[in-house]
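Read the structure below first, then the notes.
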């Protein structure tokens, strides 16, 4: 008796939502799609997306306590690690998640290369994917400076010097990255802005395009000797 | 469709694009300037910096010195430190070679290693000789020299620093 | 690609879709399991490995050896090896910009470079071989990142690395392309062998290099993570560098016992005049730059001293929590574990922290101390103009007398060694540790001390 009532109520709610959200259409278009037989190598793409979301979530929580200024960056992270409940866990996940994401994205790229899935009609998916790989590395580079410890500071000094080795425009690039000739509060601030807003926005946009293309063309089948 | 309607549609399309374009430029130019402003900043301050006295410097042995310069980056005043080595070639006061301690590869600070008679850079294992010449490793040129220096009557050594 | 080929591809794909699985639930199931695995792995890493603490950024301390994030290490090593190449190694931008730029361009435009419609591995031997050599060289360069490239006694290592990191992959790539263009279809097996042997060779050279390379001494400076650790680190540094002039409680107003500054009047640094009006940053600046017109030398590295920014901060933290009554000292560990009845202290666990706190500021090289240095176990036992200062089992040992208030006089009745420490005697439990230690024979390690300890029998 009880369950009949509940199912009728649920059906009514569902129908109401479906009429307005188009849930059935969504289901048919996105979820109820046929795919070729896949294996565990095919999970790397969604694993990359999962890591992106996890990094985004842990990153957002970190900004509740982190201050992007040379005076306070280091101490604010110390507070997160020692003073905030589970701060060490959020930061730890974000730290290791960064390493793991670079690895997973790279291996995903290798897999797509190995199965030549970047060929017709998925060329654009590949190009967008390489863009995502570069953005992931950019996230790693900008995020690395934020703890403002010796490792971060000097690694960024060397990294921006390398950027400055481009012929002709290198000096301009170095100063634009650093916000001046030296590493300073301006550098930390713009790396922070890039890391929490600009690069993630670009990544989200490209991920959107990448996913649209994957849904449109379907996941590629693993090649057989005829291909 | 009459020619008048067609051109009205085209007119609307044109106006939309133009309005969007104007907004894009009006936002875009200031935004670009906003982002790259610090890269365009020039600034220079020149000064004579005292780096030590001859009486502390042994002939032939590199004498390390450091000094700090304050730079203004945005709202911050930062002191950067610079360093180098003074090498007296002989008893003559002005017979000095003043080398910068900044490795010419990627700007790490070199150290003088007495036992091997070389300057060693810990970052990519570059080595420089007594004259600052490159002995080994990736640096593209010898250690920079402070060529503008003076020694006063009391033996104080100063170098001339410009800042960019 | 012509329309006919595209049609064939699309039709085959449609067939494969029919024979396949569904996104929901089959693919998503695998995705969720993978996500769960990753999630668990991250929690385990965050909990059991954590994040290594690093000292605070110190722009003036460039003696720190910089390393990029691990995923850039291969580039870092490539640059170092490239720099060894005569002549062109001096020009930076080919290695920093050109080669990586070309690699990224090839990768991005790959669909337009590898234009054939073939997807099966057997028909793509050239690209797969190239990628294999490339990835293996990335991995080996990453592993080699901490091995020195040049310098004293590094000749053999340098050669091995140049072979494994530049020559073998370079020759491998060249060979592959030559084979592809000359032998064409018949090249496949040869290319596989080339890629395979190049990879094996790179791995082998890397292994040999890592085995014979000197152990990597990482620049690990002490990082105090928690507040009590910072206070202790600060106190130890203060005991070493500051006590001479300022006293162990900061209240000295006339300097004694420091060459050249005897009788100099200074302000106390533990009072409200200092602590309420100077911020932490001001106190740090005073330590870094000194007060050179008044005789206080600079202690910051940039100004010629020895202390890193982190160390200066620890000293300020110690001062703030010890002497500023607005700040409550957190619960602190004792200097050494309290001694039980019959327990014999050891140098490693008990005496060393005591010496560090109370003695080393004077009893080290360059200070006025009758050449009695105390920076190591050997020095404590053996050095000094009046050695031996410690004699096993002798309650009248020089050190034991001086720390209990009895100065040592010479034959004329003049003071040879004053009471120690000169300004204020140590606490009774500290003196007791010294006495027990000397009487038991001055054991060094905790194990040695444990064998000498006795558990007293309870009185009946």
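Where a number appears in this text, it was derived from the coordinates with a stated rule and is not lab data. If you're wondering where the values come from, they're calculated on a predicted model, not measured in any experiment. No Cβ is skipped: glycine too gets one built from the backbone with ideal geometry, and neighbour counts run over all protein chains shown.
Label separation (residue C:292 vs residue C:325): 3.8 nm, computed from points 7 Å beyond Cα along the C-beta direction. Label positions at residue C:386 and residue A:37, each projected 7 Å from the Cα along the C-beta direction, are separated by 9.1 nm. Evaluate the Debye formula for region C:49-92 with equal point scatterers sitting on the alpha carbons, no solvent, and hand back log10 of I(q)/I(0) at q = 0.18, 0.22, 0.26, 0.34 Å⁻¹, in q order, two decimals. Ignoring solvent entirely, the Cα scatterers give -0.76, -0.90, -0.98, -1.10. Ordering of A:129-137, C:385-393, A:7-15, A:37-45 by packing is A:129-137, A:37-45, C:385-393, A:7-15, highest average first (other Cβ atoms within 10 Å, averaged per residue). For chain C, the ratio of Cα radius of gyration to the globular rule of thumb 2.2 N^0.38 Å stands at 1.50. Only helices enter the 222 nm calculation for chain C: every DSSP H run of n ≥ 4 contributes -39,500 (n - 2.57), and dividing by all residues gives -14000 deg cm²/dmol, rounded to 500. Note on residue C:135/residue A:137: beta-carbon distance plugged into 1/(1 + (r/R0)^6) with R0 of 22 Å gives a FRET efficiency of 0.85. Could you list B:131, C:69 so that the one with the fewest beta carbons within 10 Å of its beta carbon is first and the one with the most is last? With the fewest neighbours first, B:131, C:69 line up as B:131, C:69. A Stokes-Einstein calculation at 20 °C with viscosity 1.002 mPa s, built on the Kirkwood radius of region C:187-254 over Cα pairs, returns a diffusion coefficient of 122 µm²/s. If R0 is taken as 45 Å, the Cβ-Cβ distance between residue C:448 and residue B:116 corresponds to a FRET efficiency of 0.65. Protection proxy ranking of C:179-185, C:317-323, by the mean of other Cβ atoms within 10 Å over each peptide's residues and highest first, is C:317-323, C:179-185. Look at where the Cα atoms of region C:1-45 and of region B:123-150 average out, and the two centres are 56 Å apart. Take the Cα of residue B:53, step 7 Å along the line toward its Cβ, and report every residue of region C:231-263 whose backbone nitrogen sits under 17 Å from that point. In region C:231-263, the label zone of residue B:53 (backbone N under 17 Å from the point 7 Å along Cα→Cβ) covers C:260-261. If you model region A:123-176 as an ellipsoid using its alpha carbon gyration tensor, with each semi-axis the square root of five times an eigenvalue, the axes come out at 24, 18, 7 Å, biggest first. Take each residue of peptide B:92-105, count the partner chain Cβ atoms within 10 Å of its Cβ, and average: the result is 1. Under conditions of 20 °C and 1.002 mPa s, region A:18-101 yields 135 µm² s⁻¹ as its translational diffusion coefficient, taking Rh as the Kirkwood radius over Cα pairs in the Stokes-Einstein equation. Here the extension length gained between residue C:156 and residue C:174 equals 3.9 nm, from 0.36 nm per residue of separation less the Cα-Cα distance. Considering only Cα atoms, the convex hull volume of region B:83-164 works out to 101 Å³ per residue.
Peptide C:39-45 is shielded by partner chain Cβ atoms: per residue, an average of 5 of them sit within 10 Å of its Cβ. How large is the direction-averaged shadow of the alpha-carbon convex hull of region C:305-450, in nm²? With every direction weighted equally, the projected area is 10.9 nm². At an R0 of 56 angstrom, the distance between the Cβ atoms of residue C:455 and residue A:211 translates into a FRET efficiency of 0.20. Each peptide in C:75-87, C:333-345, B:29-41 was scored by the mean count of other Cβ atoms within 10 Å over its residues; highest first, the order is C:75-87, C:333-345, B:29-41. Orientation-averaged projection of chain B equals 16.1 nm² [convex hull of Cα atoms, one quarter of hull surface area]. Once both labels are positioned 7 Å from their Cα atoms along Cα-to-Cβ, the gap between residue A:197 and residue C:112 label points is 3.4 nm. Normalised by residue count, region C:90-222 yields a Cα convex hull volume of 160 Å³ per residue. Extension gain, residue C:253-residue C:266: 0.36 nm per intervening residue step, less the Cα-Cα distance, totals 4.2 nm.
With contributions of -39500 (n - 2.57) from each DSSP H run of at least four residues, the per-residue ellipticity at 222 nm computed over chain B stands at -8500 deg cm²/dmol.
Here the sum of -39500 (n - 2.57) over DSSP H runs of 4 or more residues, divided by the residues of chain A, equals -22500 deg cm²/dmol at 222 nm, to the nearest 500. The mean number of partner chain beta-carbon atoms within 10 angstrom of a residue's beta-carbon across peptide A:33-43 is 6. For region A:13-148, the relative contact order works out to 27 percent when only alpha carbon pairs closer than 8 Å and six or more residues apart are counted. Computed over the alpha carbons of region C:282-366, Rg followed by Dmax gives 16.8, 53 Å.
With all pairs of separate Cα atoms included, the protein assembly as shown yields a Kirkwood hydrodynamic radius of 32.8 Å. Structural descriptor for region A:125-208: relative contact order 33 percent, calculated from alpha carbon pairs under 8 angstrom and at least 6 residues apart. Relative contact order of chain C: 11 percent, from C-alpha pairs under 8 Å at least 6 residues apart in sequence. Fewest neighbouring Cβ atoms within 10 Å first, the residues B:89, C:444, C:115 line up as C:115, B:89, C:444.
The fraction of Cα-Cα pairs per 10 angstrom bin, counted from 0 for region A:44-88, comes to 27, 40, 23, 9 percent, rounded to whole percents. What shape does region C:32-161 have by the C-alpha gyration tensor, where a ≥ b ≥ c are the square roots of the eigenvalues, rounded means a/c under 1.5, and otherwise prolate means a/b greater than b/c and oblate the rest? It is oblate, given that a/c is not under 1.5 and a/b is not larger than b/c. Relative to the longest principal axis of the Cα atoms of chain C, helix C:73-82 runs at roughly 80 degrees.
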